[in-house]
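All remarks here apply to the structure that follows.
The values are calculated or read from the model by the stated rules, or taken from the named source; none is laboratory data. What you are looking at is a predicted structure, and each value in this text was computed from that prediction instead of being measured. When we count neighbours, we look across all protein chains shown, and the Cβ atoms used for this are built from the backbone with ideal geometry, even at glycine. Just the protein is used for accessible areas: all its heavy atoms, side chains included, with ligands, DNA and RNA removed. Shrake-Rupley method; radii C 1.70, N 1.55, O 1.52, S 1.80 Å.
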Amino acid sequence: MIELVKYLSVYLISMVKFFGGPVTGVSLGLTYMETVLLTIAGMMTSVIIFSIIGRAASKWLSNRRKAKQKPVFTKKSRRIVQVWCRFGTPGVAFLTPILLTPIFGTIVAALFGAPRKHIFLHMLWSSIFWSALLNLMVFEFGQMAEGLLLSIKF
């Protein structure tokens, strides 16, 4: 039962904030491979859900922005448009785990009219790449930091 809660924690956090998955996995004592797979699964679940409801979610965000009287073009939105114009779906997918969230990255791709098949494909390779890399960094540097802290005498 406790293992299931650990797995669910990494999975659910990865659905919302990708980098939270590796950090949570390490803190809960999961293995590298378990954390990689759960992080990928969490992101891809968000991608599936929000690619289906992406256009409706973008309309909701737009209405919310208008209600709060926020400007349409911000520094962040201009950068997203630049990335989209230069690199399309692969560019947005590449940046989603590290700069955007799985939810927002998927909504952006859907809003710009990317076909669901392209969104799934590009978000999948991006989640595999970033999950392997970020988990490796968190696991390796986490052990180095732990060893350094244990060697310091207070």
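Checked against (1) over 14 Å from the mean Cα position of the chain (by Cα); (2) open to solvent by 30 Å² or more (accessible area, probe 1.4 Å); (3) touching a residue at least 12 places away in the same chain (Cβ under 8 Å), LYS68 meets all criteria but (3).
Residues in the stretch 105-116 that are modelled with pLDDT under 85 and outside any helix (DSSP H, G or I): PHE112, GLY113. Need pairs with beta-carbon distance below 6 Å; first residue under 17 Å from MET123 (Cβ atoms) and within the stretch 18-42, second not in a helix (DSSP H, G or I); sequence gap 6+ or separate chains. Between residues of the stretch 18-42 that are under 17 Å from MET123 (Cβ atoms) and residues that are not in a helix (DSSP H, G or I), the close pairs are PHE18/PRO97.
For the stretch 117-154, how many residues meet the condition of being modelled with pLDDT under 85 and open to solvent by less than 70 Å² (accessible area, probe 1.4 Å)? Adding up the residues that qualify gives 3. Taken over the stretch 101-116, the criterion of being surrounded by 15 or more Cβ atoms within 10 Å (Cβ to Cβ) and more than 25 Å from THR39 (Cα to Cα) is satisfied by PHE112 alone.
Consider the stretch 1-60 and keep the residues that are among the charged types (D, E, K, R) and open to solvent by less than 70 Å² (accessible area, probe 1.4 Å). The one that is farthest from PHE112 (Cα to Cα) is LYS6.
Taking the stretch 10-39 as the range and being closer than 26 Å to VAL108 by Cα and touching a Leu at 6+ places or on another chain (Cβ under 8 Å) as the test, the residues that pass are VAL10, TYR11, SER14, PHE18, PHE19, GLY21, PRO22, LEU38, THR39.
For the stretch 91-100, the set of residues classified as within 19 Å of ARG78 (Cβ to Cβ) and surrounded by 19 or more Cβ atoms within 10 Å (Cβ to Cβ) consists of VAL92, PHE94, THR96, LEU100, listed by residue number. Checked against the criteria, VAL81 does not count as among the aliphatic types (A, V, I, L, M), over 23 Å from SER14 (Cβ atoms), at pLDDT below 90 and in contact with a Lys or Arg (Cβ under 9 Å, 6 or more places away or on another chain).
Assess whether SER77 counts as being touching a residue at least 40 places away in the same chain (Cβ under 8 Å), assigned to a helix (DSSP H, G or I) and open to solvent by less than 80 Å² (accessible area, probe 1.4 Å). Here the answer is no, as SER77 does not meet what is asked. Within the stretch 92-114, residues that are under 9 Å from ILE80 (Cβ atoms) have Cβ atoms under 6 Å from residues that are open to solvent by less than 40 Å² (accessible area, probe 1.4 Å) and among the small types (Gly, Ala, Ser) in these pairs: VAL92/GLY105; VAL92/ALA109, counting only partners at least 6 apart in sequence or on another chain.
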